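Note sheet for the following structure.
Just so it is clear, none of the values below were taken in a lab; they were calculated from the coordinates. It should be emphasised that the depicted structure is a prediction, and the values quoted were computed from it without experimental measurement. Using ideal geometry, Cβ is built from the backbone for each residue, glycine included, and neighbour counts are taken over all protein chains shown.
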């Protein structure tokens, strides 16, 4: 294996104030994906993309390299993953580094476990995928959804009005935790796969309440003896 993990942690990349460096239970948020990447044993390098000293210091403390983009990237560009990855690849090239695969990770992906990374990587290799990322099944069929206007309800797909929920095709959404991509093609690859996770294993961080939910899910995973 010759892989690199790249964790995007620019200030302001999350709706929650100081979302990448805020303390979650007993350590900064950013520490969790770094430790999961380290404990997976999959990576030759773990790089954190940072644009402030506080984030950089946390990254180094927990065993990651730091690639600063503060002086060379506009605020808008900092949050566009494909462009950021290309900038880091150019830095790798300048340092005579070459990898086979990149795992792009979000700094707030608190619930990533080493086994998630290892099992998804095995599937990524088995399928010869260009891109693979974790997905979550919608808990209720989206075909039974409604639109509302001033309280008035109208089915989005009235043809499914009498169809039993269990007879409808499952739908999935992007868990927004990490992305395995081929180093050469990056996000331009078309051979794309999903790796299903349970809803209890993911949590987006958009508002303060999400933190409380993430804490409950994390504690539940520890209580049930899941790999930390």
Test of understanding: what is the full-extension gain from residue 184 to residue 38, defined as 0.36 nm times their sequence separation minus their Cα-Cα distance? 50.3 nm
Pairing the Cα long axis of helix 31-40 with the longest principal axis of the chain, what angle in degrees results, from 0 to 90 and rounded to the nearest 10? 80 degrees
Helix 208-223 versus the longest principal axis of the chain: what is the Cα-based angle in degrees, 0 to 90, to the nearest 10? 80 degrees
Which peptide among 2-9, 36-43 comes first, and what is the full order, when sorted by highest mean count of other Cβ atoms within 10 Å? 2-9, 36-43
Can you tell me the relative contact order of the chain? Whole percent, Cα pairs under 8 Å, sequence separation 6 or more. 24 percent
Stokes-Einstein diffusion coefficient for the chain at 37 °C in a medium of 0.692 mPa s, Rh from the Kirkwood formula over Cα pairs: what value in µm²/s? 173 µm²/s
With contacts defined as alpha carbon pairs under 8 Å and 6 or more residues apart, what's the relative contact order of the range 103-228 in percent? 39 percent
Calculated from DSSP H runs of 4 or more alone, at -39500 (n - 2.57) each and per residue, what is the 222 nm mean residue ellipticity of the chain, nearest 500? -8500 deg cm²/dmol
Only Cα pairs under 8 Å and at least 6 apart count here; give the relative contact order of the range 142-196 as a rounded whole percent. 22 percent
Burial ranking of peptide ranges 54-67, 143-156 (average Cβ count within 10 Å, highest at the top): 54-67, 143-156
